[in-house]
Amino acid sequence: MKRTTRIIHSGRSDEGDGLVNPAIKRASTVLAPSTAELYHPTGTRRHYGRGGIAPNAELRSAIAALYEADACALTPSGLASVILAIRTALKGAGEALITDSAYGPVRRFCDEELPRLGVTPVYYDPRIGADIASLITSKTSLILLESPGSLTFEVQDVPAIAAAARAAGVPTVIDDTWTAGVLMNPLEMGVDYAAQALTKYVGGHSDFLMGSVTARGDAAKAVLEREKLYGLHVSPDDAFLALRGLRTLPLRLERAEAASLEIARRLEAHPKVSRVLHPALPSHPDHALYTRDFTGAAGCFAFVLDGISPKAGEAVIDRLKLFGIGFSWGGYESLALSCDPQIKRTDVPWKAEGALLRLSIGLEDIDDLWADLEQALAGA
């Protein structure tokens, strides 16, 4: 069954009532018919509301089907999903190899929390590929990937890194938010844990926060146990919204790809733009990897203003009228962001000819968005 068909038909209610969407069920206490059943519930019966009843169960099933995974854990944010995956994958003290392009809040967790656990974060070049084997030692307890990077859009050689990690017995975690689990399947490429911010493309309407972690085999069992241990929970109302957003995800991604590529091509031809960082463009340095591993592109990308300072770049953002100014992406509305204040590098310094701006292309008319960008750039 093709992935788009699975998205429509997985995670459907099976209560014999004919409803195509599961009913929202809210509960903390779940009464049991006996003490024996309370402490040793049979079948799929739950004994407490934490972890969700419905439609949480249907959402778990649908996201697991999306990745062809054995299990899906749900978290209250995308950041929490990456942290849950990291904490599950870590087996003890040592070192964690972290891509230098990692999402800022994840990087902060690695810098501040990992040392408290006896783990030293070691940042590596996102484009290292199979050469990551040279960094793996007996102390390496984890490798974290993010492809592409959410600010500078380096595409990682995920199969090569996963193969090197597996050969050394090192678990791998990837932040897979950009692909939404549709444009690439990192579990098929050998990654152990795939985390995603369902907040973004799965939700699609910028009205809730949620994350997921999918895995197979022993890793799947481990992440469910860790989720339970941490008492993680998402509301049934938000799970319903995520499940509803999932049904139209392929169509919205197709629109986002087409619109973002058109805007990206126009920006490439603009005299005030020196570079466009969109993996689907042939000019992107990692385009060959993108073509090999991805089935399409998301609507989030960045570009560099030629000779224009970060401060002047912020003024360009402020002049936009249709683009909102915000940190997220994947919603129906287009967003713009000045990236320079967020960039932090350890292994590979970020070097650019000018300000770095990021766009998330929504569902507005392309020509209206372009006109807004043109008038903002005209004053740069």
Surrounding net charge for G203, when Lys and Arg each add one and Asp and Glu each subtract one, Cβ distance under 10 Å: 0
Cut-off under 5 Å, modelled amide H: who pairs with I98 long-range: V122, Y123, Y124, L144
Efficiency of FRET from Cβ geometry, F327 and R116, R₀ 25 Å, rounded to 0.05: 0.45
Trypsin sites (Lys or Arg not before Pro) restricted to DSSP loop in the stretch 250-352 with at most 12 other C-beta within 10 Å: K321, K351
Heavy-atom accessible surface of the stretch 2-94: percent carbon and sulfur, 1.4 Å: 53 percent
Greater than 28 Å apart at Cα, pairs in K2/K321; K2/K91; K311/K344; K2/K344: K2/K321; K2/K91; K2/K344
Accessible-area value, D111, 1.4 Å probe, nucleic acids and ligands omitted, Å²: 50 Å²
Solvent accessible area, Å² - I128, 1.4 Å probe, full protein context: 30 Å²
For the stretch 133-188, accessible area per residue (1.4 Å probe, heavy atoms of protein chains only), Å²: 26 Å²
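In the chain, what percentage of the DSSP-assigned beta bridges are antiparallel, given to the nearest 5?
Rounded to the nearest five, the antiparallel share is 55 percent.
Please give the contour-minus-distance gain from L363 to L251: 0.36 nm per residue of separation, less the Cα-Cα distance, rounded to one decimal in nm.
Value of the extension gain: 39.2 nm.
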Distance between the stretch 308-380 and the stretch 15-64 - C-alpha centres, whole angstrom: 43 Å
Under 11 Å, Cβ to Cβ, from D372 - net charge with Lys/Arg +1 and Asp/Glu -1: -3
Under 5 Å, built H, 5+ apart or other chain: amide partners of T140: E95
Heavy atoms of H40: accessible area, 1.4 Å probe, square angstrom to 10: 130 Å²
Accessible surface of the stretch 273-362 [probe 1.4 Å, protein heavy atoms]: carbon and sulfur percent: 57 percent
GNM result for the chain, Cα springs below 10 Å: residue of E227, E68, E37 fluctuating most strongly: E37
Summed residue charge, Cβ within 11 Å of T214's Cβ, Lys/Arg positive, Asp/Glu negative: -2
Point-to-point label distance, W350-E68, nm (Cα→Cβ direction, 7 Å offset): 3.5 nm
Separation of the N21 and Q342 label points, Cα + 7 Å toward Cβ, nm: 3.0 nm
The stretch 110-250, accessible surface, carbon-and-sulfur percent (1.4 angstrom probe): 53 percent
Contour excess over end-to-end distance, with Cα ends at R166 and K228 and 0.36 nm allotted per residue: 19.7 nm
Neighbour cut-off at most 14 other Cβ (10 Å), DSSP loop, GluC sites (Glu not before Pro), the stretch 306-357: E353
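Set the Förster radius R0 to 35 Å, insert the Cβ-Cβ distance between S309 and D131 as r into 1/(1 + (r/R0)^6), and round the FRET efficiency to 0.05.
0.50
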Separation of the A93 and H270 label points, Cα + 7 Å toward Cβ, nm: 5.1 nm
3J(HN,Hα) from dihedral phi, the stretch 157-170, Karplus parametrisation 6.51/-1.76/1.60, rounded to Hz, x for glycine, proline: 7, 4, x, 5, 5, 5, 5, 5, 5, 5, 4, 9, x, 9
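The values are calculated or read from the model by the stated rules, or taken from the named source; none is laboratory data. Keep in mind the model is a prediction, meaning the values are calculated, not measured. Virtual Cβ from ideal backbone geometry, glycine too; neighbours counted across all protein chains shown. Note: accessible area is taken over every heavy atom of the protein model, side chains too, but ligands, DNA and RNA are not part of it. Shrake-Rupley method; radii C 1.70, N 1.55, O 1.52, S 1.80 Å.
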